[in-house]
Structure formats: structure tokens, C-alpha cells
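Remarks on the structure that follows.
The values are calculated or read from the model by the stated rules, or taken from the named source; none is laboratory data. From a predicted model like this one, the values you see are computed outputs, not experimental measurements. Virtual Cβ from ideal backbone geometry, glycine too; neighbours counted across all protein chains shown. For the accessible areas, the whole protein counts, side chains as well, though only heavy atoms, and no ligand, DNA or RNA atoms are used. Shrake-Rupley method; radii C 1.70, N 1.55, O 1.52, S 1.80 Å.
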Amino acid sequence: MGYREIYGAWQSDPERFWMDAAEAIDWDQKPTRALNDDKAPLYEWFTDGMVNTCWNAVDRHVEAGRGDQAAIIYDSPITHTKRAITYGELKDRVASLAGALRAKGVEKGDRVIIYMPMVPEALEAMLACARLGAVHSVVFGGFAANELAVRIDDCAPKCIIAASCGLEPGRVVHYKPLLDGAIEMASHKPDFCVIFQREQEVADLTPGRDVNWDDFQHGIAPADCVPVEGNHPAYILYTSGTTGQPKGVIRHTGGQLVALHWTMKNIYNVNPGEVFWAASDVGWVVGHSYICYAPLIAGNTTIVFEGKPVGTPDAGTFWRVISEHDVKSFFTAPTAFRAVKREDSAGDYVKKYDLAGLRAVYLAGERADPDTIQWAQDQLNVPVIDHWWQTETGWAIAANPLGIEELPVKLGSPSVPMPGYDVHILDEGGHEVPTGDMGAIAVKLPLPPGTLPNLWNAEERYLKSYLEHFPGYYETGDAGYKDEDGYLYIMARTDDVINVAGHRLSTGAMEEVLAGHPDVAECAVIGATDQLKGQLPLGFLCTNSGTDRTDNDIIEECVKLVREKIGPVAAFKHAVVVDRLPKTRSGKILRGTMVKIADSEEFKMPATIDDPAILDEIKTALGKIGYAKA
Ligand code: COA
Ligand code: AMP
């Protein structure tokens, strides 16, 4: 069957489609139905099934004879380490860790925060939680202590599992002081912390609170898998919204298992036993779905890569890893390819490696610009597939499903909707726009299995952020259009979220930090176009009259403040001081116009602008820091 038939089969009988897909999962008790619409518009999947994620990702493969196959390959050019962990070893390691967590009181439903870099132990910690039915929440290492504190208070973990440090090129990220600072800031205190000591930096343990990863497992009985309901939360992953308070996206157990398993063959075209590599980070959704869960659920080998596309040690790292470990499908972000292309546009490094095993490359996280796709295709001679998804969905909304059929690639489009997603382009009033016209992208409810059923402790916010604007639909927050062949084009966000090097960030959150500076009276942050990272945040500061500080001092402090409060990942490095911000007569800041000016693009003078003269001031200020060149 081709894509159209499979999509059609889902459309005509979604219940049957997902019940069939659920056959690939080992259930302790099979679900009697797929969709649960009892609380519509809140939907759930496989509610009455009983199942365990860790069993499906690890133990069942050992039982099926894959015990000696590598489950995880750890490749760290930063520490010069390469190591494989077989499914058999992974089972023992995870069961032991889960046993130790249980012995200290972690049970089904308890939350556990995981704050770890790209080491296999991060996956082991996730799987150990899954084994017990505990709900993990992984926090990205590039966030500051304050962001960790916000998450601690929101999900109230019983335990935090952290590494002693992370390693960025040329810099040790001291996790332990960040962890201690976050716990001090948070009102909720975890019962205990487990510290994985890395040899690059051994942290001092806090007596009475911290235990050592190895020591606390000593002499403890391993834990078996605890079956949980299909709608039991597998994890919470926080993502940026319009305000400083991140949204806790919930993933349910049954839906995630079924959907992710379905994607491995149908979208990524890999078979059990083959090597799949997503070069992302466990702190992001790509890391959850495609470094940890999906490849393991499907019996693949996954790669935990601790390095960067360039500089660790060179722009050939990706190709070395693909060649050495015989990677069949490779997933990365367009920004990573732009970084490689910038250093090796002629592809000299590509030629050094045997990439014959590689079948396809997948890009996501931000819009894939046609130049980058074309370059990658020319260098690698395999299909380069753009696909579109979000933390909220957990897997691709639109893709070119190579395992079903290779559809013609249209540069600039992540291709077509996957089964489960009925995608519509709507105008402000919720009416379908004509083919080719831009609009808000919305997905008809219910969303498929594996997508978010709700936000942690924030049902009202869930309804308001996603379901209220277009009743009967999930609002993606993206804008774009559909062509006559049904291909989607994802062009921009409709909210204040920006995408920096494939990382999703909230300009609203940065504005909240800047507004906290004593000399800042008013501010705005926009995402200006950047050749490498896609977008970069750019701040506009109006300072308090009467301040005796220089503009440069204030800017420097603001840059430092965002790094301290949000983290280095925000990449907030540029700001200008202006007298006033351009606004509409009703007081709304004209961010879209500011973006156009920064990017030196033509723009129409907004009819509602309060004082057009401000735009010249903005242009002059931006010109001084290398923007608004035209
Ligand atoms: N822990 C601590 N700090 C981190 C971090 C982590 N896990 N990840 C990034 N940072 C820091 C970086 O060190 C950098 O700090 P600096 O300001 O001191 O230089 C800052 O956060 C910004 O990081 P980033 O935007 O990633 O830029 P970079 O200059 O380090 O690297 C690229 C540029 C393009 C090579 C890099 O962004 C990249 O590989 N991107 C791929 C993105 C990706 O995989 N996204 C996942 C979505 S699929
Ligand atoms: P995240 O939740 O971090 O995965 O970010 C999701 C957002 O990234 C989406 O809402 C889009 O704005 C953007 N995005 C992800 N993949 C793509 C893509 N293939 N094309 C365009 N935008 C994308």
C-alpha cells in the first residue's frame, strides 16, 4: 500500500488503524478500544490497556534474542569515548537503578527530574523511571538554575537524578552548583538526589540529601516492570510558551508506545537490529522520542552522541559516526548542517568516509531552507527529508514516509500529513483558506496517539493555548499553507516563540527577565534572521529617565541577566537602547515590523502605528550593531 491508501485507511477507520498498530506492542492487558472520547475535547488513547514502556523498550528484546545486540552506542568526541551497551546489559543496569530508586521510595506516579548531559546514563534514568511507572521530567543542560527551579516547583519531584557535570567544547558545565542553586530557589524540595559522578568533575555530595549513582545501587534487589494504565503519564517535558512559565507537556504511556513504534518503519524506514541516530539532546523532544524511546521500542540500536556538528574535532564528525557505526537513518536539525556547510561547503570531509550504509537523512526542529537541503542531498546522495513536528505532538505531523513510499520531495515543504493528523489551514475566523493561501495551521481533533493529552497541572492553560481559538481543532501555533498536492509549507509562528539553532525559545520569557533589570522601563525581544542559527533574539530596551548608567553597561548587564536566568541556550547577545518602542495606537508593540527592519526587508507602514518616526530611530539603532543594513 502507498501513502494515499494508508492515509485513507486511517481516515476511514481510525479506531481500527490504531488498534492494528497497537498489535506491535506487548500489553500486560490489551486495550479494548483505542480512542477514549468520554471527556472530549480532552482525548486519551488506549486508556484501559495495561503496559510498561521499559518492558517494550528493553526486556522484550532480550527475551526475543536481542540480548547481545547493542541497544546504545555512546560516542563522545568530547571525552574521546566510544562504548556499546547491549540490550542484556541495559536491562540489568536499568533494573538495578530502578530497584535502588524504589528502595528510596520512588513509586508509580512519583515525579523524577533528570538533569543530565548526553551520556547513556541519562537514557537509563529515563527507562528506570518508566520501569517503575514514575513520571520523569528531563531538563536540558543549557538552562540556568532558575529554569530548573521553575520545573521543580511545577512538577514537585520526589527525586532528582543529575550528573556531576556536562561538557561543552572548551567548557565544563558545572551541574552540581546549578542543581544546588535550583533546589535552594524552589519552594518544593526533593526527598533525595542521585548524582552520577563523571570523571571530568567529581562533585561534592550534600550529606543527607545526595546519594552516589553507584553506591546507592549496591546490594539492592533489581526491580521488575510495573504495568501501568495506557493513559498513565510517561513523562512531562517543559517547552516554551508565550510567557516565562513553561508549559508541561504530558505524554501518555500507551499512545507513545504505539505511535513511536509505528513511525520507525513507516517514516524512518529502519528495521529492528539496524542503527538509528538522532543527533539531538535528551533534553528536547527529539531526544525523548528518537534518541531514547522509539529506536529502543523498535529494537534498533540508538546512538548517544556527546559532541557538536563542528569543532569536535571537525566538520567530519557526523560522517565519521555514520560510517563507523553503520547508521541507516540519520536525524538532525538544519542548523547543524548549516554549521557543517559553513566549514566544509565542498564536502571534503564527506569524501573521507564510507557512507554506503546511510539510506536517508531527516531534518526537523525548524524550517529547513531549500539551500541546506540541496547541499546535503548533493553531498550525501540520499533523500534528505524535512519533517515537521512539535514537543506537543511527540512525532511528525507531516513527513515523507520513506518506509511506506518515497513521495516526490518538494524543497521547502515537510511533505504531507501523517495518518492521525487531519491538517487544515484556517483564517482568523476559523474558515478554511483557499489552496496556496497562508493561514494558521490547525489539526482537527482528536490528535493521534502519542500527542499531548493535556498540560501538567494546567488544564485551563491547555484549553486556552491550544483548543479555544479554533473550536474542534488543535492550534499548532505555526502558520503556513498547503499546495494543490496537499504538501504543507510551514513558514512562521503565530505567537512569540522563536527558534534559535533548532531550540524553541520564548521572547516573552526573555522580556520578563529584561523587565526585571532596575534601569529598564520597557522592552521588547524579537527573533532576527540569522544565517547559522535560523533566528537570534534581539532586545530593545527603553531605559528609565534619570538613570546615570551608560547604555553599554545596561546592555551588558541585560545579556548577563538572560544567561543567568534562562541559560546560555537562549543565545541572547544583542540589544539596543531606544527612546521608545513602535506601537499601535492601542499600545500593541509592532514586533513584526521590527523584525522586518532588523532583517532589512521591505515592509508596509502599519496603518495603526502611533508614531511612524520611531521606525527611523529603530533603524538607526540597529544599524549600529550590524542589522537593518538596507
Ligand atoms: N549544556 C550547557 N550549555 C549548552 C548546552 C548544554 N547541553 N547546549 C548548548 N549550550 C550552550 C552553548 O555552549 C552555547 O554557549 P556559549 O554562549 O557560551 O557559546 C549556547 O548554549 C548556545 O548554544 P547553541 O545555540 O547550541 O550554539 P553553539 O554555538 O554551541 O553551536 C550549532 C551551534 C549550530 C553547532 C549548534 O547549535 C547545534 O548543533 N545545533 C543543533 C541543534 C539541535 O540539535 N537541536 C535539537 C532540535 S532537533
Ligand atoms: P519544538 O517544540 O522545540 O520541537 O519546536 C516546534 C516548532 O519548531 C514548530 O512549531 C515549528 O515552529 C518549528 N518546526 C519544527 N520542525 C519544523 C519544520 N520541519 N519546518 C518548519 N518549522 C518546524
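Observations, loosely collected:
- Residue in the stretch 481-499 that is within 16 Å of ligand 1 (Cβ to nearest atom), in contact with a helix residue (DSSP H, G or I) (Cβ under 8 Å, 6 or more places away or on another chain), under 30 Å from residue 339 (Cα atoms) and part of a strand (DSSP E or B) present: yes
- Comparison of 183, 161 shows that the only residue that is surrounded by 17 or more Cβ atoms within 10 Å (Cβ to Cβ), under 25 Å from the mean Cα position of the chain (by Cα) and more than 22 Å from residue 304 (Cβ to Cβ) is 183.
- Residue satisfying condition, being in a strand (DSSP E or B) and either more than 19 Å from residue 83 (Cα to Cα) or at pLDDT below 95 (or both), within set 250, 303: 250
- Failed item, numbered, when residue 378 is tested on (1) more than 14 Å from ligand 1 (Cβ to nearest atom); (2) surrounded by 20 or more Cβ atoms within 10 Å (Cβ to Cβ): (2)
- Selected residue (only one of 399, 356, 364 is closer than 25 Å to residue 275 by Cα and away from ligand 2 (no atom under 13 Å from the Cβ)): 356
- If you filter the stretch 594-613 down to residues that are in contact with a strand residue (DSSP E or B) (Cβ under 8 Å, 6 or more places away or on another chain) and open to solvent by less than 20 Å² (accessible area, probe 1.4 Å), you find that the one that is modelled with the lowest pLDDT is 609.
- Matching residues, the stretch 74-88, being buried (at least 16 other Cβ atoms within 10 Å of the Cβ) and either touching a Pro at 6+ places or on another chain (Cβ under 9 Å) or free of Cβ contacts under 8 Å to residues at least 12 places away in the same chain (or both): 74, 77, 78, 85
- Test for residue 519: is it without any contact (Cβ under 8 Å) to a residue 24 or more places away in the chain and not aromatic (Phe, Trp, Tyr): no
- Taken residue by residue, the stretch 321-342 has at least one member that is farther than 24 Å from residue 260 by Cα, more than 18 Å from the chain's Cα centre (by Cα) and either within 16 Å of ligand 2 (Cβ to nearest atom) or in a loop (DSSP other than H, G, I, E, B) (or both).
- Matching residues in the stretch 526-568 - criterion: being closer than 23 Å to residue 340 by Cβ, assigned to a strand (DSSP E or B) and either over 30 Å from the mean Cα position of the chain (by Cα) or polar (S, T, N, Q) (or both): 529, 535
- Looking across the stretch 282-319, the residues that are within 16 Å of ligand 2 (Cβ to nearest atom), surrounded by 24 or more Cβ atoms within 10 Å (Cβ to Cβ) and not aliphatic (A, V, I, L, M) come down to 283, 288, 289, 290, 292, 293.
- Among the numbered conditions (1) hydrophobic (A, V, I, L, M, F, W, C); (2) closer than 19 Å to residue 618 by Cβ; (3) assigned to a loop (DSSP other than H, G, I, E, B); (4) in contact with a Lys or Arg (Cβ under 7 Å, 6 or more places away or on another chain), the only one that residue 581 does not meet is (4).
- Test: residue in the stretch 383-400 that is more than 16 Å from ligand 1 (Cβ to nearest atom), surrounded by fewer than 21 Cβ atoms within 10 Å (Cβ to Cβ) and not aliphatic (A, V, I, L, M): yes
- Single residue of the stretch 566-582 satisfying the filter (open to solvent by 40 Å² or more (accessible area, probe 1.4 Å) and at pLDDT 95 or above) that is nearest to residue 185 (Cα to Cα): 568
- Contact annotation: residue pairs with Cβ atoms under 7 Å, 6 or more positions apart or on different chains, pairing a residue in the stretch 593-621 that is farther than 19 Å from residue 538 by Cα with a partner that is surrounded by 17 or more Cβ atoms within 10 Å (Cβ to Cβ) and of a type in the set (S, T, N, Q), are 606/593.
- Test: residue in the stretch 121-138 that is open to solvent by 10 Å² or more (accessible area, probe 1.4 Å), touching a Leu at 6+ places or on another chain (Cβ under 8 Å), within 16 Å of ligand 1 (Cβ to nearest atom) and not charged (D, E, K, R): no
- Residue check for residue 193: more than 12 Å from ligand 1 (Cβ to nearest atom) and in contact with a Ser or Thr (Cβ under 8 Å, 6 or more places away or on another chain): yes
- For the stretch 24-74, a residue qualifies if it is over 30 Å from residue 464 (Cα atoms) and among the small types (Gly, Ala, Ser), and the qualifying residues are 24, 57, 64, 65, 67, 70, 71.
- Positions within the stretch 472-528 being closer than 20 Å to residue 436 by Cβ, hydrophobic (A, V, I, L, M, F, W, C) and surrounded by fewer than 20 Cβ atoms within 10 Å (Cβ to Cβ), in sequence order: 479, 491, 492
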